[in-house]
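The values are calculated or read from the model by the stated rules, or taken from the named source; none is laboratory data. All values derive from a computational prediction rather than experimental measurement. Here the Cβ is made from the backbone with ideal geometry for all residues, glycine too, and neighbour counts use every protein chain on show.
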């Protein structure tokens, strides 16, 4: 089996200026070549990527499959007062852990983390299925969220281990993004059907079945690729702790601010947000001094990387505003049934893989592939603009068309955010760079949904959601402008 030449990098240049090594980097990990034992045949690559795609399905199921059964769960366990924390606890644990496990994957290899994540998700799902109280369920969902964050951090970075050339990688990444998008759309439907047929506890046992398939494929076919080192790197425990606060505190504070009904609650929420901002300021000097930083600041050294994450924040806000508040508009104001509203909004997720496939075909032919993101922002903006015309009398085909345009736009944006961050990062930082764009997107979603939630609470459902949709149109314009400022050449260096 041939090994790739470790002295050459196939990462495209962004600005033509090579990034100098950080003075705080560990010498053991800064210069040594990667010890890669990558599969060579197309069959081996397909089976390895099938394992990654199956892991993406597990992540999507893990996050969404119980959403339709939660009302019954809360009633059965007498926990309606803490209903929201079943979902909030999961997503908070996932968001906090993505960056940390993304970095650990760079340092110790992604295969062990993928296997560990699948084990955690399986065990936690079974524990959720046998939970006897709402408190137990929330704790198990937090545990499950840690596994979900670990899996997301590694699954979306794994293709960079198998396909050093991004022009080849972008086509294979369609398999992951499509699997994740389709599973996200099917999860609530499948969970609801199982809950109606077998009860809410059975819904928690769907994810372990999917995890067993992913486990077998990863164990058998995904190669053990590990960054070389002459000594074991010292773990940056202080950086990991501060990073967890820097990510988790603002997300918690924003969520509490959206739900606050009194001045005291608002002050507490603002205090939590301030704690997170202070942690961000403290994180910078901590990571500069660390020998092996958990969040290497060099991944944001280039202007393009910073612009990508700004665009990621805004795209996350648009995506989650559409996902969370359009169903509210259709059901609460237009009196559509949940099933009918769900069918009308399905193209938002279902067409996303189609946009990703077209993007993957066009990417290798573009001398400046950032144009594809500009095109995606235009599509997304047009789709958001069309949602302004929705009414109770809107024909189904019009709503489906609008959602399809939005989904296609996201298909041109989301995969490219991850791919471009991988292109800009050094090979040793691919995992943490991929995790960063996932985290910023989640942060944007939290901010966007919180702002629209406040508007809904202060105004009305109709006015609040309409405000959110206008906000989405403005954000799409800003995304397009930011992406137009990203100058990257689709060439190998």
Quiz item: If residue 340 satisfies every condition in (1) at pLDDT below 85; (2) under 29 Å from residue 483 (Cβ atoms) but one, which is the exception?
Solution: (2)
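Listed here are the residues, each with its yes/no results for (1) under 26 Å from residue 225 (Cβ atoms); (2) touching a helix residue (DSSP H, G or I) at 6+ places or on another chain (Cβ under 8 Å).
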site: 89; (1), (2): no, yes
site: 100; (1), (2): yes, yes
site: 133; (1), (2): no, no
site: 138; (1), (2): no, yes
site: 141; (1), (2): no, yes
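Can you tell which of 306, 288 is outside the structural domain of residue 418 (by TED's automatic domain parsing), at negative phi and in a helix (DSSP H, G or I)? Spell out the reasoning first.
Values: 306 fails: outside the structural domain of residue 418 (by TED's automatic domain parsing).
Exactly one of 306, 288 is outside the structural domain of residue 418 (by TED's automatic domain parsing), at negative phi and in a helix (DSSP H, G or I), namely 288.
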Quiz prompt | Condition met for residue 396 (buried (at least 20 other Cβ atoms within 10 Å of the Cβ) and farther than 18 Å from residue 319 by Cβ) | solution = no
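Looking at region 248-270, which of its residues are over 21 Å from residue 313 (Cα atoms) and assigned to a helix (DSSP H, G or I)?
First, pick out the residues of region 248-270 that are over 21 Å from residue 313 (Cα atoms): 259-268.
Those that are over 21 Å from residue 313 (Cα atoms) and assigned to a helix (DSSP H, G or I): 259, 263, 264, 265, 266, 267, 268.
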Practice problem: Starting from residues that are more than 16 Å from residue 321 (Cα to Cα) and surrounded by 18 or more Cβ atoms within 10 Å (Cβ to Cβ), keep the ones in region 466-493 and report whichever is modelled with the lowest pLDDT. | Solution: 490
Quiz item: Could you say which residue among 400, 473 is assigned by TED's automatic domain parsing to the domain that holds residue 353, under 30 Å from residue 277 (Cα atoms) and not in a loop (DSSP other than H, G, I, E, B)?
Solution: 473
Self-check item: Selection status of residue 318, at pLDDT 90 or above, in the same structural domain as residue 469 (by TED's automatic domain parsing), crowded, with 17+ Cβ neighbours inside 10 Å and touching a helix residue (DSSP H, G or I) at 6+ places or on another chain (Cβ under 7 Å)
Solution: yes
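From 16, 87, grab the single residue that is under 28 Å from residue 192 (Cα atoms), at pLDDT below 70 and either assigned to a helix (DSSP H, G or I) or outside the structural domain of residue 188 (by TED's automatic domain parsing) (or both). Explain how you work it out, then say what you get.
Details: 16 fails: under 28 Å from residue 192 (Cα atoms).
Among 16, 87, only 87 is under 28 Å from residue 192 (Cα atoms), at pLDDT below 70 and either assigned to a helix (DSSP H, G or I) or outside the structural domain of residue 188 (by TED's automatic domain parsing) (or both).
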Quiz item: Regarding residue 356, is this residue more than 17 Å from residue 478 (Cα to Cα), in contact (Cβ under 8 Å) with a residue 60 or more places away in the chain and outside any helix (DSSP H, G or I)?
Solution: no
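Could you please let me know if residue 353 is under 30 Å from residue 332 (Cβ atoms) and outside the structural domain of residue 164 (by TED's automatic domain parsing)?
Working: under 30 Å from residue 332 (Cβ atoms): yes; outside the structural domain of residue 164 (by TED's automatic domain parsing): yes.
Here the answer is yes, as residue 353 does meet what is asked.
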Exercise. Starting from region 207-233, take each residue that is exposed (fewer than 14 other Cβ atoms within 10 Å of the Cβ) and list its partners that are at pLDDT 90 or above and not in a loop (DSSP other than H, G, I, E, B), counting only C-beta distances under 7 angstrom and pairs at least six apart or across chains.
Key: 219/115
Exercise. Output the number of the condition that residue 127 fails; it satisfies all remaining conditions of (1) within 19 Å of residue 219 (Cβ to Cβ); (2) over 18 Å from the mean Cα position of the chain (by Cα); (3) at pLDDT 85 or above.
Key: (1)
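Taking region 356-385 only, how many residues are within 26 Å of residue 188 (Cα to Cα) and either modelled with pLDDT of 85 or more or not assigned by TED's automatic domain parsing to the domain that holds residue 417 (or both)?
Of the residues in region 356-385, the ones within 26 Å of residue 188 (Cα to Cα) are 356-357, 380, 383-384.
Add one more test, that the residue is either modelled with pLDDT of 85 or more or not assigned by TED's automatic domain parsing to the domain that holds residue 417 (or both), and what stays is 380, 383-384.
Going through region 356-385 one residue at a time, the tally reaches 3.
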Exercise. Look through 421, 463 and report the one residue that is surrounded by fewer than 20 Cβ atoms within 10 Å (Cβ to Cβ), modelled with pLDDT of 80 or more and either at positive phi or in a helix (DSSP H, G or I) (or both).
Key: 463
Quiz item: Hey, residue 224 hits all of (1) outside any loop (DSSP other than H, G, I, E, B); (2) more than 29 Å from residue 370 (Cβ to Cβ); (3) in contact with a helix residue (DSSP H, G or I) (Cβ under 9 Å, 6 or more places away or on another chain) but one; which does it fall short on?
Solution: (1)
Exercise. Would you mind stating whether residue 456 is surrounded by fewer than 18 Cβ atoms within 10 Å (Cβ to Cβ), within 30 Å of residue 343 (Cα to Cα) and in contact (Cβ under 8 Å) with a residue 24 or more places away in the chain?
Key: no
Quiz item: Which members of region 243-276 meet the condition of being within 22 Å of the chain's Cα centre (by Cα) and farther than 18 Å from residue 448 by Cα?
Solution: 243, 244, 245, 246
